[in-house]
Every structure is written in structure tokens, then in C-alpha cells.
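First up is the structure itself, then whatever we jot down about it.
The values are calculated or read from the model by the stated rules, or taken from the named source; none is laboratory data. Source: prediction; values computed, not measured. With ideal geometry, Cβ positions are generated from the backbone for all residues, glycine too; neighbour counts draw on all protein chains shown.
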Amino acid sequence: MKRILLLFITLTATLSSFAQFGVTDEQYDSIQAHRDSMQVVLNEANVSVKKRAVKADIDKLTYSVADDPEAQSQTAIELLRKVPMVTVDGDDNIKVNGSSSFKVYVNGKPNQMMSNNPKEVFKSFPAAAIQKIEVITDPGAKYDAEGVAGVINIITEQQTSTKGWMATPRFGVNNRGIDGGFFSTVQYGKFTLSANYGFGKMKMNETVNETETTFNTSDLFHCMKSDGYAKPDVFYNFGSLEASYEFSDHDLLSVNGGVHGHKLGYDATGKAVMYDIDNNPIYGFTQLISTKQTNIGYNAGADWQHTFSKPEQTLTFSYRLDSSPGNQRQTKQNYDIFGEEYQGEMVDYKIDPHNKSYEHTAQVDFTTPIGKFHTLSLGGKFINRINESDSRQYNKPSQSDFVPVIDVPDSEWTYNDLSSLHYQHKNNIGAGYAEYILKVQKFSARAGLRYEHSHINVTYPDGKREGFTKNFNDWVPSINLGYNLSQLQMLKLTYNYRIARPGIDMLSPYVDISSPQTKNYGNPDLESEQAHNLSLAYSLFGMKFSINAQANYTFSNNGLTNYTFLDKNLLINTTYDNFLRRREASMNLFLNWNISQHTALTVNGNGGYTKLKVNETGDQNDGFSGMAFCNFRQDLWWKLKLNLSGGGGTSWVNLQGTGDNWYFYNITLSRSFLKEDRLTVTAKAGNFLPRHRNWEQTTMTPDYKMHVLTRIDQMEFGVSVSWRLGKLQTAVKKVAHGINNDDKASSGQQQGAMGGGQQQGGGMGM
């Protein structure tokens, strides 16, 4: 840590000269106010002042979209590539602080739609409707003791006038399908209404898998080789309404509601052959997998805020309802079977799991200044959460000489009561917090303590297992220290403690037999994960040059992780447990250089060392990994804007294997037309040389080794059009505090829900 501190001090001394390139926020606001007060038109002179696009606070980084000249012609996904601590790869997968485990808020409140489908929603969300993006990597006590790497908070457009309307329709077409949507806001007196809708229908990446699994414990069943092919179709849409009404200068009511959902379907084919140690085939089969996934959720909420005589003194009451049902029906049929002694053991499956999640949340927050330098926040919260999984399995004997069909009549299937399971998980969470903030000249500090009590009740309505209850008590401290080295520079030291509760997909004990050689199931005995995080950050944000560097260290002794093992029947089992010991040291770096008025370069990346170990199984792995992203902007003639973006990453490690390195690139050309550049046309192409990419992943245990080679069609090209209609000078007013539920981990958050959590690949088919 001493070396890191010396490095930061040296970096500070080297870069402090760049401060002259910027103006402070106070100077900018003063200039703007002076300019607005002068009703003088200069015929041949124009004076413009640029505000810094990025600002560092003690608990977050803020990217000012309103001060980004490209925002009018971009979508939110393109904008995120330039936001510090956020990275977006070539498939538009988003990471915060190097992890795919994050939550999305809109105007300070969690947005289930965006958190569940971030890249689809951000592709359709117009950047012109966003005022700023906050990246919260050091949440305080007023936030849940969340097990996520961070929060992306989208602040929508807010200006000064109090009337008008605005609508931004958008439509795009590319080689994979179409997408579009609109964002609109209207103001009438003290009432404000905002609506957002987006949709997309497209073919996802064509994927081909080749898998080779070598077993170390059997000479007879020595190696299984398989291949698979899939090209999914997906349709998604989402919509939301938000409204606010000012009953008085001190009372504000804000209500919101939304729906989100998607349908995914694909037919995958695959062939598998088992060989003995002499490479002689023992048995084999071909499989047709038909998948239909439907997820439709909704949410609604209300917030009432009272402001006292002091504007900074507020009292807020909030309520929210969330529902996230899901259903993924899957049919698996085996044919072309050889190996007589195994043919009778092959059965076809139809799986019909119904997963539901309901959540009621009530919260109260009170914030008050104490004197000139102090602020105190107090609050309480209660969550009633119900997770339910009703998984039904149907079977029929496999026939080697039949022609598979996509839709098999229900009459041919027999209900498998033994393999079906009904599971219910109820969780009541009560929490209270106190947080204190001190700001004296160049020094700032924030200290908080949060207490959370969680009561869990697990039942099996079908009576197949005995239910149980659990109680957890967690004290969650956090502390932030900040020092402004100058008006443009800041040094921060942060410690926080976080927990992560497993979601329904990790808890449900239902056994999914994906193929005759694999079993996947959850673990109802999982407990909350705890992790400690320490970080040191330096930031310099000027008008010409900006840098944010953050060193992190994270450790956890009971990390939630997925792992695989071979059972006595030589079936590969995949499940979850709390026994991961994780140690991770990493560095995040953001650089932005405005080379000229028409040229800018942004670099965003992270890298570090991770060590993973499980004493109970003897598994361990460690290694270095990193990723970097670059965006180059150039204004051309005829109002054309050129963007060149790309990036890549090294191979990464997880508990039982490694993943492959990767890269991507995109070329975007856009032009705006009409008055005030209201119509924008954008053309995009990327990853066309080469069109296909091979991606490898290896999983190793003492009993077997699995190597997966995935071939993906990554080429993309298309055109989109957006049009700003009307004129609006305001947006839905928001309360100062809202409900934020971010304590759940999902099955996609592997190798420690609060760590880097590189997701495993695999793919469709075998």
C-alpha cells in the first residue's frame, strides 16, 4: 500500500500542471449566469465556455452528458464507453469496476428493466434524454449492503423552464434485425409526465460449439466429443411511465410504473460420441434442443418528499412493488442413437420451469444539515420478498429411428413426478442506517453504519422435502476520506463491507438434466456472502485532459460460486456453494484527452491479479487478467462525425479453469440534419475482418478436463435514425431519496458475486 501511495503522489505532482486547462464548476456556473443576464447579440463574435465532462465526488463519479457534443447523435450504450469505471465490450456486454455484477438506477431509484436487460435497453435509450450518468462504486450506509460491484445511475434531462414537450423517436436496422423506440416528456404547470418505450427483434450471434471432455477416473468412459449449433431469435420490449406533481414548494409526489419482457427461441442441434481409452466409440446420439423463453415483469412505485425550511433538510417516504416471473420451456429429443446397451437408458425431456419473484419494499429517509460543515442522514427499510420455482419435468423414451419434430404433442409426454419440484423461498429483511458527512475546505469524510436483519423461510408445497428457517444479522460499516489537492484534483481512500444474498436461480434445488452427461441444480442451503473492499483513487478532471486511477483490494472467505464435479455415475454436476476464498488486487484507469475542438481520445480499462481457492474441494486457481477500451472521435467536413472504437482483453481465470482472450472494433459515421440538428442518421460497421471469432474455455478438476471451442459470427453493420420533436425545458422531478434493492446475487455472478466474476461461456448445444 505504501508503494501505491507513493505512486499516486508522484502521479499527482506530474499531472498537476494540467489543471490550467480547465475551469471549476463554480467558475463555469458564474460565467453562464453572467452570459444569460446579458441580452446582447454579437454579430461577429462568439464566446463559448466548456464545462468539464467528468466530476469526482467522495462517493461517485459523474459524467455530464449535457456537456458531451456527441450525445445528440448517440445511444446510451455508445455513451457508456466513455464513462469512467464502465467498460463495454464488442458484444455490448457492460462491466462496472471490472465486474458484470452491477445494478442500474434511473434518477436514484433501481430500474429492474435496465438491470435485467442492460445492453438491450441502453441500445434503444437515446443519449439526448440523459443529463448525466453517475457511477457509484463506493456506496454508503444509506444503500443496501449490496453485493454488486457498483451502480450506474441515469439522471434524465432536467433544465430550467417549466413548460413544453419533447419526443425522440428512434429506429434502426442492421444485419441481425431491427430495434427502435421513443422517449417523450410533457410539462403542464406543476405536473410532469415522462414516457419511454423500446423494442427489438433480431437474430442473435450464430454460435457453433465443439466440446471435448476427458475423464480421468475411467478407462471405459474415457472421452466424450460433441458439437452443437444454435442461432437464437429474440424479441424484447420495455416501457415506463413517470409522473410528478408539486403540491407546494415543500411537497413533491413522484409515481412511476413500467413493464419489461422478452421472448427468446432457438432450435439447437448437437451430436455426441463417447470413446474408451483406445479411442473406440462406445455409444453416441444426436440431440435436438428446442427452447422457448418468456419473461415479463412489472414494477410500480411512489415517493413523497417534504422539504423543510432548509432546502437540504428532507423527509422521504417510498414504496415499490416489483414482479419478475419467468418461464423457459425446453424440449430435448435424442435420435441416431448407437450402442445397444445404452439405447434403453436414453430418454427425451420436456422441462417447464416457472420462476417467480415478488417484492414489496417500504422505506423512510431523513437528511438534515448540522451547522455549516456537517450532514446527518437516518433511515429505515423493510422488504418482503417471495421467490418461487415450480419446475415440472416430462419424459418419453428416446427412439433411434425417428425424425425429430419441433412441437411434440403433449399426449406423448409422461409427467415425471420424482424429478419435478415445487420450491418457495420467503425473505423478510429489516434495515436501519445512520450516515454522517463532513466537508471542511479541501477535506471531506463520510462514515456510516447499517444494520440488516434477514429472516428466511423455505418451504416445499409439494411435500417432497422438509422446510427450514434461517436468520442473519449483519452490521455493515463504511468510510470514505477525500482531499481536494486542487480545484480539479482529488484523492480518495475508501473502505466498505458488502454482502450478497443468492437469488432464486442459485437457490432452487431443481435438477436440470441438460444432456445425458450433465446435471445442473441450485443449493437451498446457501448463505449471504460477505466481502471487504479497500480502494485508493486519484482523479484530475480538466477541460483538455482527465485521468481517474483507482487501486482496489477485495477479499472474501465465503464467496458464492458455481463449481462442477463428477459423481459416481460419471455425470458432470454443476451447483453452487459458499466456500470460495477470493483475493483480488486490481487497478482501474480512465484517460480522456481533448486533442482539439474537433478531436478527442478516450481510454478506459482495468487489470489485476486474482487468487481463488476452495479448501473443501482442493480447487484453486490464480492469474493476471485485464481489458482496455479506446474511443477516438473526429469531426469531419459537412458536419460528419467519425468514431473509431475498439478494445480487448487477456485470458481470464475462474475457480476451475481459464477463458480466452478477445477483441472487437467498431466504425461509426453520423450526420445531423434540420434546424438544431434534430434529425440524426448514423451508420455503423464492426468486426467484419475477420467475420468469425474462435473463443476457447477450459475447465479442469481432478476427475475430468473439459475444453470448449466456440465459433461466433460477430460481424455487425446497420443504420439508425433518431428525430427530436418539440421543445422541453424540464423533466419529471425526483425525490432526493428512493428505494434501492441491490442485495441479490444471480447465477450469472460466478466466482464470487462481489468479485470480478468473469462469466463462463459454453453456448448452445451439447
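Annotations
- Only residues that are assigned to a strand (DSSP E or B) and either within 26 Å of the chain's Cα centre (by Cα) or not β-branched (Val, Ile, Thr) (or both) were counted in the stretch 195-218, giving 15.
- Of all residues in the stretch 527-558 being modelled with pLDDT under 85 and buried (at least 19 other Cβ atoms within 10 Å of the Cβ), the one that is nearest to the chain's Cα centre (by Cα): Ser528
- Filtered residue count, the stretch 573-611, keeping only those that are crowded, with 21+ Cβ neighbours inside 10 Å and either among the basic types (Lys, Arg) or modelled with pLDDT under 85 (or both): 1
- Selection within the stretch 623-658: residues that are hydroxyl-bearing (Ser, Thr, Tyr) and buried (at least 21 other Cβ atoms within 10 Å of the Cβ). The member of this set that is farthest from Gly686 (Cα to Cα) is Ser625.
- Some residue of the stretch 272-281 being in a strand (DSSP E or B) and in contact with a Ser or Thr (Cβ under 9 Å, 6 or more places away or on another chain): yes
- Matching residues, the stretch 404-424, being assigned to a loop (DSSP other than H, G, I, E, B) and closer than 30 Å to Glu466 by Cβ: Trp413, Asn416, Asp417, Leu418, Ser419, Ser420
- Among the residues of the stretch 480-492, the one identified as surrounded by fewer than 18 Cβ atoms within 10 Å (Cβ to Cβ) and either of a type in the set (Lys, Arg) or under 16 Å from Ile136 (Cα atoms) (or both) is Leu481.
- Residue match in the stretch 503-519 (condition: surrounded by fewer than 20 Cβ atoms within 10 Å (Cβ to Cβ) and in contact with a helix residue (DSSP H, G or I) (Cβ under 7 Å, 6 or more places away or on another chain)): no
- All of Asp462, Asp417 fail the test of being touching a residue at least 24 places away in the same chain (Cβ under 8 Å) and surrounded by fewer than 18 Cβ atoms within 10 Å (Cβ to Cβ), apart from Asp462.
Yes or no, residue by residue, for (1) under 29 Å from Ile572 (Cα atoms); (2) modelled with pLDDT of 90 or more; (3) crowded, with 20+ Cβ neighbours inside 10 Å; (4) in contact with a Pro (Cβ under 8 Å, 6 or more places away or on another chain):
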| position | (1), (2), (3), (4) |
| --- | --- |
| Pro232 | yes, no, no, no |
| Gly239 | no, no, no, no |
| Phe247 | no, no, no, no |
| Asp251 | no, yes, no, no |
| His260 | no, no, yes, no |
| Ile282 | yes, no, no, no |
| Gln287 | yes, no, yes, no |
| Ala300 | no, yes, no, no |
| Asp303 | no, yes, yes, no |
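- In the stretch 692-718, residue farthest from Thr658 (Cα to Cα) [restricted to those that are free of Cβ contacts under 8 Å to residues at least 60 places away in the same chain and not polar (S, T, N, Q)]: His692
- Among residues of the stretch 545-594, those that are hydrophobic (A, V, I, L, M, F, W, C), in a strand (DSSP E or B) and either touching a residue at least 40 places away in the same chain (Cβ under 8 Å) or in contact with a Pro (Cβ under 8 Å, 6 or more places away or on another chain) (or both), counted: 13
- Top-ranked residue of the stretch 517-542 - restricted to ones that are of a type in the set (Asp, Glu) and touching a residue at least 40 places away in the same chain (Cβ under 8 Å), ranked as farthest from Phe468 (Cα to Cα): Glu529
- Selection count where residues are more than 30 Å from Gln697 (Cα to Cα) and modelled with pLDDT of 90 or more, scope the stretch 642-652: 1
- Each residue in the stretch 292-327 was checked for being in contact (Cβ under 8 Å) with a residue 60 or more places away in the chain and within 26 Å of the chain's Cα centre (by Cα), and 10 of them qualify.
- With respect to being within 30 Å of Lys372 (Cβ to Cβ), in contact (Cβ under 8 Å) with a residue 24 or more places away in the chain, surrounded by fewer than 21 Cβ atoms within 10 Å (Cβ to Cβ) and within 29 Å of the chain's Cα centre (by Cα), Leu438 falls outside the description.
- Test: residue in the stretch 214-221 that is in contact (Cβ under 8 Å) with a residue 40 or more places away in the chain, touching a His at 6+ places or on another chain (Cβ under 8 Å), among the hydroxyl-bearing types (Ser, Thr, Tyr) and farther than 27 Å from Leu264 by Cβ: yes
- Residue within the stretch 383-403 that is of a type in the set (Phe, Trp, Tyr), assigned to a strand (DSSP E or B) and surrounded by fewer than 17 Cβ atoms within 10 Å (Cβ to Cβ) present: no
- Residue within the stretch 170-178 that is hydrophobic (A, V, I, L, M, F, W, C), without any contact (Cβ under 8 Å) to a residue 40 or more places away in the chain, buried (at least 18 other Cβ atoms within 10 Å of the Cβ) and more than 30 Å from Thr564 (Cβ to Cβ) present: no
- Within the stretch 347-375, the set of residues being aliphatic (A, V, I, L, M), surrounded by 14 or more Cβ atoms within 10 Å (Cβ to Cβ) and at pLDDT 90 or above comprises Ala362, Val364.
- When Ser244, Ser318, Ser309 are checked against the criterion of being among the small types (Gly, Ala, Ser) and in a loop (DSSP other than H, G, I, E, B), a single residue qualifies: Ser309.
- In the stretch 670-685, the residues that are over 13 Å from Leu725 (Cβ atoms) reach residues that are surrounded by fewer than 18 Cβ atoms within 10 Å (Cβ to Cβ) and of a type in the set (Lys, Arg) with C-beta atoms within less than 6 angstrom, at least six apart or across chains, in these pairs: Arg671/Lys639; Val681/Arg671.
- Considering the stretch 609-703, the qualifying strands (runs of 3 or more DSSP E), each wholly inside and each with 3 or more residues that are more than 30 Å from Gly559 (Cα to Cα) and either of a type in the set (A, V, I, L, M) or within 23 Å of the chain's Cα centre (by Cα) (or both), run over 640-649, 662-673, 679-686.
- Hits in the stretch 377-428 (condition: under 30 Å from Phe366 (Cβ atoms) and not basic (Lys, Arg)): Ser377, Leu378, Gly379, Gly380, Phe382, Ile383, Asn384, Ile386, Asn427, Asn428
- Only one entry in Asp390, Asp352 is within 30 Å of Gly301 (Cβ to Cβ), among the acidic types (Asp, Glu) and either touching a residue at least 40 places away in the same chain (Cβ under 8 Å) or touching a strand residue (DSSP E or B) at 6+ places or on another chain (Cβ under 8 Å) (or both), namely Asp390.
- Here Met715 clears all of (1) modelled with pLDDT of 90 or more; (2) aliphatic (A, V, I, L, M); (3) surrounded by 21 or more Cβ atoms within 10 Å (Cβ to Cβ) except the condition numbered (3).
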